[in-house]
Amino acid sequence: MNGNTVHVAISEFCAMMETISSSIYLAQSCAYKQSAVEFNAFIATLDHLIMDELKYVDQFVRANRVNDLFTILDDFNIEIKPIIMKNKMEYYEARSLSPYMEKVKLLSEAIVKQFLSIYEESSAFYDQSWRTVDMHRSSFCCKSCGALITTILSHIGNLSSISLIENESYLPRLTYVYGYEVIRAELFPGCGADELIEDEIIIPVEGLYMNIKKQLAHDSTEFTIYCINGHQIGREVADGHAPHMVRLPKDRIHRKEIVDHTM
Ligand SMILES: [Zn+2]
């Protein structure tokens, strides 16, 4: 390289980093929207060195928009100045541009490919072997009076069909899941996520039995739910920034198995 080509190389590199950063972002959002479960499971398998490199791309793009990040050395090799780490007082070390360029190309291609495969197929990464799925369909009754609270529901077969998208149903139709399962699988629905408890059943809103009574809670993001005889049995999360669901604490309800002999 010489004094003229060095600036061309720098601007080409910057353009490449912008492209890499937005392709990773797009592929990541597609994968997440397709299956948040698979996405989370995949991210959990990533080596921390790879995660650091992904963060570096992000930080580089941000920093490059406000600062001059390049040092041109006497031999016309280019060095990327140290960049501050996100939310930390530390810096990434200076990097030599040419070898880094090769490395980041390979990394981004591999990672985009992974996200797209989640988008296209799903179900490759998520280990659910620890689960025991209830064999029979069930409905749930009020523990105090025995009144029916839900329609007939099945224990969700594949946790990957849970949706973490706001304003959509957390669960597929006519299914239920236990609190401890979604906690272990880290399928937190965002708003108020940290309050999910081990000892509760989660069902979709339309799984409630028709004669259930609802009362809007004071903050209007929740309904309190009562059985036909007025016993409080749970809460419906109706927050516009979270998936919708009904939460029934296990000490308020009773599970009734429906053993279907015709099957
Ligand atoms: Zn009751």
What does the C-alpha gyration tensor say about the overall shape of region 137-258? Classify as rounded when a/c is under 1.5, otherwise prolate if a/b is larger than b/c, or oblate. oblate
From the C-alpha coordinates alone, can you work out the Kirkwood hydrodynamic radius of the chain, in Å? 21.8
Along region 26-39, what does the Karplus equation 6.51 cos²θ - 1.76 cosθ + 1.60 (θ = phi - 60°) give for ³J(HN,Hα), rounded to whole Hz, x for Gly and Pro? 5, 4, 5, 5, 4, 4, 5, 5, 5, 8, 4, 5, 4, 4
Using a 7 Å offset from the Cα along the Cα-to-Cβ direction at both Asp58 and Thr71, what is the distance between the two label points in nm, to one decimal? 2.7
Leaving ligands, DNA and RNA out of it, rank Met16, Met210 by accessible area with a 1.4 Å probe, largest first. Met210, Met16
Put His155, His231 in order of accessible area, largest first, probe 1.4 Å, and you get His231, His155
Taking H placed 1.01 Å from N in the peptide plane, check which residues at least 5 places from Ala217 or on another chain put their amide H under 5 Å from its amide H. Glu222, Phe223, Thr224
How do the peptides 132-143, 41-52, 69-80 rank, highest first, by the average count of neighbouring beta carbon atoms within 10 Å per residue? 132-143, 69-80, 41-52
For region 137-258: relative contact order, % (alpha-carbon pairs under 8 angstrom, 6 or more apart): 32
Read phi for every residue in region 159-172 and hand back ³J(HN,Hα) as whole Hz from Karplus 6.51 cos²θ - 1.76 cosθ + 1.60, θ = phi - 60°, with x for Gly and Pro. 4, 5, 8, 6, 10, 9, 7, 4, 6, 9, 6, 4, 10, x
Calculate, for Lys81 and Glu166, the FRET efficiency according to 1/(1 + (r/R0)^6) with r their C-beta to C-beta distance and R0 35 Å; round to the nearest 0.05. 0.30
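About its Cα centre, what dipole magnitude does region 137-258 give when the only charges are +1 on Lys and Arg Cβ and -1 on Asp and Glu Cβ, stated in debye to the nearest 20?
Roughly 660 debye, rounded to the nearest 20.
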Hey, can you find the accessible area per residue of region 1-136 for me, probe 1.4 Å, expressed in square angstrom? 62
Given a Förster distance of 30 Å, report the FRET efficiency between Arg131 and Lys105 from their Cβ-Cβ distance, rounded to the nearest 0.05. 0.15
From DSSP H assignment alone, runs of 4+ in the chain each adding -39500 (n - 2.57), the sum over residues rounded to the nearest 500 puts [θ] at 222 nm at -11500 deg cm²/dmol
Any residue on another chain or 5+ positions along whose placed amide H is under 5 Å from the amide H of Gly234 is listed here as Ile225
Distant-in-sequence amide H partners of Ser169 (H built 1.01 Å from N, under 5 Å): His244
Calc'd 3J(HN,Hα), region 212-217, phi into Karplus 6.51 cos²θ - 1.76 cosθ + 1.60 (θ = phi - 60°), Hz, glycine/Pro = x, comes to 5, 9, 10, 9, 5, 6
Could you work out the relative contact order of region 5-120, using alpha carbon pairs under 8 angstrom and six or more residues apart, expressed as a whole percent? 34
Please report the base-10 log of the normalised intensity I(q)/I(0) for region 5-120, using a Debye sum with one equal scatterer per alpha carbon and no solvent, at each q in 0.16, 0.17, 0.22 (1/Å). -0.79, -0.87, -1.27
Have a look at His231, Phe140, Gly190 and report the one farthest towards the positive end of the charge dipole of the chain, computed about the Cα centre with Cβ charges (Lys/Arg +1, Asp/Glu -1). His231
Would you mind telling me the share, in percent, of accessible area of the chain contributed by carbon and sulfur at probe 1.4 angstrom? 53
To the nearest 20 debye, what is the magnitude of the charge dipole of the chain about its Cα centre, counting +1 on the Cβ of each Lys and Arg and -1 on the Cβ of each Asp and Glu? 900
Between region 160-217 and region 237-257, what's the alpha-carbon centroid distance in Å? 5
Relative contact order for the chain using alpha-carbon pairs under 8 Å, separation at least 6, rounded to a whole percent? 17
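The values are calculated or read from the model by the stated rules, or taken from the named source; none is laboratory data. Just so it is clear, the model here is predicted, and its values are computed rather than measured. Reconstructed Cβ throughout: ideal geometry from the backbone, glycine too, with neighbour counts over all protein chains shown. Note: areas computed on protein heavy atoms with side chains; ligands, DNA, RNA excluded. Shrake-Rupley method; radii C 1.70, N 1.55, O 1.52, S 1.80 Å.
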